[in-house]
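What follows is a single structure, written as structure tokens, with notes after it.
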Amino acid sequence: MAPVTNRFQTLLVVSALAVLLVASATLVSAPAIRGDEKQPSDPWTSAQTVLSADFAHELGKQDGAPATVVYVGFHSLFAGGHIPGATFRGSGSTEQGLLELKKWAEELPRSTSLVIYCGCCPLEKCPNVRPAFNALDKMGFKKLRVLILPTSFAKDWADKGYPIQKGT
């Protein structure tokens, strides 16, 4: 009788493990089935980005209408150095800054080529770019891009010798 009990217990344990494996696989794949999988934290697509080397080259070209460059970080950093021709329109991380940005952008044609950037800190942690991008995107700008500065403006722009303008 003991061997039958051992086989029964083994079968029960194996069955329980199989049920757990199937259940965990179902839980892992359930979001994809429901269509509510976690979205990336960046609200822009890769087509809505521009790398610093590419943008520096773009700024150097004399053909076509240049992009309107908007700094959406902290004013003290803008005054310390920014992309030539960029304007400061408020910090994207503050309600007041977003209001200033939207007020300024209200009069622009939605076909305006806009490039926004901050560079206060690593892009993944930046408190300014995402809210500014979302605000301008919701306003309907069709040529809105984010300048990708992975580490900071200093490291990813200034240290590479790209042009800088100081002051406000």
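The values are calculated or read from the model by the stated rules, or taken from the named source; none is laboratory data. Remember, predicted model here, so these are calculated numbers, not experimental data. With ideal geometry, Cβ positions are generated from the backbone for all residues, glycine too; neighbour counts draw on all protein chains shown.
When the stretch 52-104 is examined, which residues are found to be in contact with a Leu (Cβ under 8 Å, 6 or more places away or on another chain), farther than 19 Å from Met139 by Cβ and not small (Gly, Ala, Ser)?
Phe55, Pro66, Ile83, Pro84
Out of the residues in the stretch 108-164 that are of a type in the set (Ser, Thr, Tyr), surrounded by fewer than 18 Cβ atoms within 10 Å (Cβ to Cβ) and out of contact with any Ser or Thr (no Cβ under 9 Å at 6 or more places or on another chain), which is nearest to Thr87 (Cα to Cα)? Talk me through it step by step, then tell me what you get.
We begin by selecting, within the stretch 108-164, every residue of a type in the set (Ser, Thr, Tyr); these are 111-113, 117, 151-152, 162.
Within this subset, residues satisfying the condition of being surrounded by fewer than 18 Cβ atoms within 10 Å (Cβ to Cβ) are 111-113, 151.
From what is left, the residues that are out of contact with any Ser or Thr (no Cβ under 9 Å at 6 or more places or on another chain) are 111, 151.
Values: Ser111: 18, Thr151: 21 Å.
Ranking the candidates gives Ser111 first.
Are any residues in the stretch 134-168 in a strand (DSSP E or B) and assigned by TED's automatic domain parsing to the domain that holds Ala86, and if so, which ones? Break it down into steps so the answer makes sense when it comes.
Residues of the stretch 134-168 in a strand (DSSP E or B): 143-148, 165.
Within the stretch 134-168, Lys143, Leu144, Arg145, Val146, Leu147, Ile148 meet the criteria.
Which members of the stretch 59-80 meet the condition of being touching a Pro at 6+ places or on another chain (Cβ under 9 Å) and exposed (fewer than 14 other Cβ atoms within 10 Å of the Cβ)?
Result: Gly60, single match.
If Lys166 meets every condition in (1) within 21 Å of Asp42 (Cα to Cα); (2) in contact (Cβ under 8 Å) with a residue 60 or more places away in the chain; (3) more than 14 Å from the chain's Cα centre (by Cα) apart from one, which number is that one?
Just one mismatch for Lys166, condition (1).
Give Pro131, Pro109, Pro127 a once-over and let me know the one that is under 17 Å from the mean Cα position of the chain (by Cα), assigned by TED's automatic domain parsing to the domain that holds Val72 and assigned to a loop (DSSP other than H, G, I, E, B).
Details: Pro131 fails: assigned to a loop (DSSP other than H, G, I, E, B); Pro109 fails: under 17 Å from the mean Cα position of the chain (by Cα).
The match here is Pro127.
If Glu58 satisfies every condition in (1) assigned to a helix (DSSP H, G or I); (2) under 16 Å from Leu147 (Cβ atoms); (3) under 20 Å from the mean Cα position of the chain (by Cα); (4) not hydroxyl-bearing (Ser, Thr, Tyr) but one, which is the exception?
Unmet condition: (3).
Being in a strand (DSSP E or B) and among the hydroxyl-bearing types (Ser, Thr, Tyr) is the filter; apply it to the stretch 112-124 and report the residue that is nearest to Thr151 (Cα to Cα).
In the first step, residues of the stretch 112-124 are kept if they are in a strand (DSSP E or B); the result is 113-117.
From what's left, among the hydroxyl-bearing types (Ser, Thr, Tyr): 113, 117.
Details: Ser113: 24, Tyr117: 12 Å.
Here the residue is Tyr117.
Could you list, in sequence order, the residues of the stretch 58-95 that are in contact with a strand residue (DSSP E or B) (Cβ under 8 Å, 6 or more places away or on another chain) and of a type in the set (S, T, N, Q)?
Passing the criteria: Thr68, Thr87.
Just checking, how many residues over the stretch 76-106 are assigned to a loop (DSSP other than H, G, I, E, B) and more than 20 Å from the chain's Cα centre (by Cα)?
3
Checking Pro31 against (1) modelled with pLDDT of 50 or more; (2) in contact with an Asp or Glu (Cβ under 7 Å, 6 or more places away or on another chain), only one condition comes out false. Which one?
Every condition holds for Pro31 apart from (1).
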